[in-house]
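First the structure, in the form of structure tokens, and then the observations on it.
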Amino acid sequence: MSLDIDLLRSFVAVADTQSFTVAGLQVGATQSAVSVRLKKLEERLGRVLFERTPRSVELTPAGRSFLPDARRILAAHDDALRRAIVGEAPVSLAIGVAEHAGGLTLAPALARVRGLMPRLKIEVQLGLSDVLLAAFDAGRLDAVVIRRAPGGERGRTLYRDDLCFCAAPDLDWRPGEPVPLVGVESPCNTRLTVVRALDGAGIPWTEVFVSRGVAAVQAAAAAGLGIACLGRRFRPAGTVILGRESGLPALPSSEVVLLESARDPAARMAVAGIADALVAAVAEEAVGA
């Protein structure tokens, strides 16, 4: 009898997040797949590892006892895999990250990969999803993390992050007046989504602040200059979400995806490390919410 690494990774993820859904986000599997993996692991060990209720997931005494061993096995496995694939050779990687997608969690993602690969040489390009996708298709980037509408055929979904309207609580605006938009200049998929939603609902709007970067849009929204459309994870602190109660239309769902074309195993491992770190950051936010 042996212990499958995927089963152990799912077990640790559920133990850390206390959620099958969030754990699935971390390990790149559906909630049902995580549940099946945990059942298989419990069958192999002959122990019940979790107490499950409709509202909570908690480790049993057997689960708490097994958790340190599971962590040690995973750490040894990942370290052996890294040394076998990466070795001592330098690794080069060019990756694009859309500001509307992973900009806020890029620092911890890079720190994690740097810890795995000290000799990694990485070039990061921030920009708009369409621009980065064009660079990727032209072969100038090994991977891109971009935002797209669900249903697209390209890329691995990392996490869902729906768009929302947000503004400072003291914004001087009343429903029925033209919506004062702050956003990234055209061409921008998020801007296009907002314009289509407002026009489709027959709601007048005007642009009061335009920038090339998301950080400036966040600052403008927080300062009360107007209403921004951002992923919920990117809503500035202190702002409020505006919706139908404010006369604004519903926005389509949105998700962050990874596209990669690196062929070198070490470069692919670096890309996977960055993607996993981005997903882990989102999962940690979900646990703390």
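The values are calculated or read from the model by the stated rules, or taken from the named source; none is laboratory data. Remember, predicted model here, so these are calculated numbers, not experimental data. No Cβ is skipped: glycine too gets one built from the backbone with ideal geometry, and neighbour counts run over all protein chains shown. The protein model used for the area step is the full one, side chains on, heavy atoms only, and it has no ligands, DNA or RNA in it. Shrake-Rupley method; radii C 1.70, N 1.55, O 1.52, S 1.80 Å.
Some observations on this one:
- Residues in region 276-285 that are modelled with pLDDT of 75 or more and open to solvent by 20 Å² or more (accessible area, probe 1.4 Å): Asp276 only.
- Hits in region 107-140 - residues which are more than 22 Å from Glu185 (Cβ to Cβ) and modelled with pLDDT of 90 or more: Asp137, Ala138, Gly139, Arg140
- Any hit, region 21-44, residues being of a type in the set (Lys, Arg) and modelled with pLDDT under 90: no
- Consider region 233-275 and keep the residues that are part of a helix (DSSP H, G or I) and open to solvent by 50 Å² or more (accessible area, probe 1.4 Å). The one that is nearest to Arg191 (Cα to Cα) is Arg244.
- Candidates in region 165-221 are the residues that are among the hydroxyl-bearing types (Ser, Thr, Tyr) and in contact with a helix residue (DSSP H, G or I) (Cβ under 9 Å, 6 or more places away or on another chain); of these, the one that is farthest from Ser129 (Cα to Cα) is Ser211.
- Scope region 207-232; condition assigned to a strand (DSSP E or B), open to solvent by 60 Å² or more (accessible area, probe 1.4 Å) and out of contact with any Asp or Glu (no Cβ under 7 Å at 6 or more places or on another chain); matching residues: Glu207, Val208
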